[in-house]
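Structure first, then comments.
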Amino acid sequence: MKDVRIVTFDNRGRLVVPKIIRKSLGLTEDTQLMMVADSESKEIRITPVAFDSRQKPIKLKIKIQDAPGSLAKIASTFGKLGISLMYGESAVLEKDKTAIWTVISPTPNISLEELKEKLMKEGGAIDIEIISL
């Protein structure tokens with residue numbers, strides 16, 4: 001069942017999720033949410049996420065070849081490393097040359113340098129930018 005409500009920003013830019021919605025979705029005080037804003041469609045999507053409180057999410061911007069199988073190869077590397085992906089979006093930078101895959105995941109159990117090395121060596125990444133969220 002869908003529940004639609006109109007909410008308003010307060011003077012500090014905050015939104016209040018109505019109690020009825022929090023209750024129906026099982027959201028509590030410590031619930032973490034992922035917000036995805038699409039500037040083209042002017043839409044915001046908010047999704048509850050289930051992170052261990054010790055794991056901070058990271059965003060990776062991974063440049064890959066724009067070729068069949070490139071995305072599958074890098075995604076498979078995440079799987080081999082046991083890293084869950086919460087969000088992913090890909091875009092072609094230069095047709096038949098390069099693409100970028102932006103993903104959000106929990107901080108892995110390996111160092112970020114080791115992660116970067118494995119994604120480049122085993123996944124075929126050209127370049128990787130890692131951003132702590």
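Every number in this text was worked out from the coordinates using simple rules, so none of it is lab data. No experiment lies behind these values; they were computed from the predicted model shown. Glycine gets a Cβ as well: all are built from the backbone with ideal geometry, and neighbour counts include every protein chain shown.
General remarks:
- Pair list, Cβ under 6 Å, 6 or more apart: the range 32-51 residue in contact (Cβ under 8 Å) with a residue 40 or more places away in the chain, other residue surrounded by 10 or more Cβ atoms within 10 Å (Cβ to Cβ) and charged (D, E, K, R): Val36/Arg45
- Residues that are touching a strand residue (DSSP E or B) at 6+ places or on another chain (Cβ under 6 Å), more than 25 Å from Val17 (Cβ to Cβ), of a type outside the set (Asp, Glu) and in a loop (DSSP other than H, G, I, E, B) do occur in the range 120-127, at least one of them.
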